[in-house]
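Peer 1: This structure is in structure tokens; I'll ask about it shortly.
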Amino acid sequence: GSTGQQRAASIALRLVELETLAASTGERPALVVDDVFAELDSDRRDRLASRLADHSGQRIVTAPRAEDLPSRLDLPRWAMRDGAVTPMAA
């Protein structure tokens, strides 16, 4: 498959793993994804953003640029510059 298809398959496996852990422990694990939207087409990006927005546990989603995050992903946003973390304007 293409790089985007491989990334989509990898993300799908991680999401299944997350649900499996939640079902077996009764607790929602934290979900940490780094630059997860890279190389995904717009349809897959939107579907993943919806899935991440609906996740009931703690989520940390990183991206090298704010514009890389789909607008549908309505989460608090923070920026790191020169070693300082600051909230981004809405």
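The values are calculated or read from the model by the stated rules, or taken from the named source; none is laboratory data. This structure is a prediction, so every number in the text was calculated from the model and none was measured. In this analysis, Cβ positions are derived from the backbone assuming ideal geometry, glycine residues included, and neighbour counts consider all displayed protein chains. With ligands, DNA and RNA removed, areas are computed over all heavy atoms of the protein, side chains included. Shrake-Rupley method; radii C 1.70, N 1.55, O 1.52, S 1.80 Å.
Peer 1: Please report, in debye to the nearest 20, how large the charge dipole of the chain is about its Cα centre when each Lys and Arg carries +1 at its beta carbon and each Asp and Glu carries -1 there.
Peer 2: Here the size comes out at about 80 debye.
Peer 1: Let me ask something else about it. State the label only: which of (1) 3, 14, 24, 21, 14, 9, 6, 5, 3, 1, 0; (2) 3, 16, 31, 27, 18, 5, 0; (3) 3, 12, 22, 24, 18, 12, 8, 1, 0 corresponds to P(r) over Cα pairs in 5 Å bins from 0, in percent computed from the shown model?
Peer 2: Label (3) holds the value from this structure.
Peer 1: Could you please put 88, 80 in sequence from largest to smallest accessible area, using a 1.4 Å probe?
Peer 2: Accessible-area ranking of 88, 80, largest first: 80, 88.
Peer 1: Also, quick follow-up: Can you send over the carbon and sulfur percentage of the accessible area for the range 10-74, probe radius 1.4 Å, protein chains only?
Peer 2: Numbers: 2050 of 4290 Å².
After summing per-atom areas, the C and S share lands at 48 percent.
Peer 1: Need one number for the range 1-52: average projected area of the convex hull over its C-alpha atoms, nm².
Peer 2: That works out to 3.7 nm², a quarter of the Cα hull's surface.
Peer 1: Another one. In square angstrom, rounded to the nearest 10, how much accessible surface does residue 62 have for a 1.4 Å probe?
Peer 2: Roughly 50 Å² of residue 62 is accessible to a 1.4 Å probe.
Peer 1: Here's another thing I want to ask about it. So what is the relative contact order of the chain, in percent, for Cα pairs below 8 Å that sit 6 or more residues apart?
Peer 2: Value for the chain: 24 percent.
Peer 1: Over the chain, give the accessible area per residue in Å² for a 1.4 Å probe, as an integer.
Peer 2: Spelled out: the 1.4 Å probe surface of the chain, per residue, equals 71 Å².
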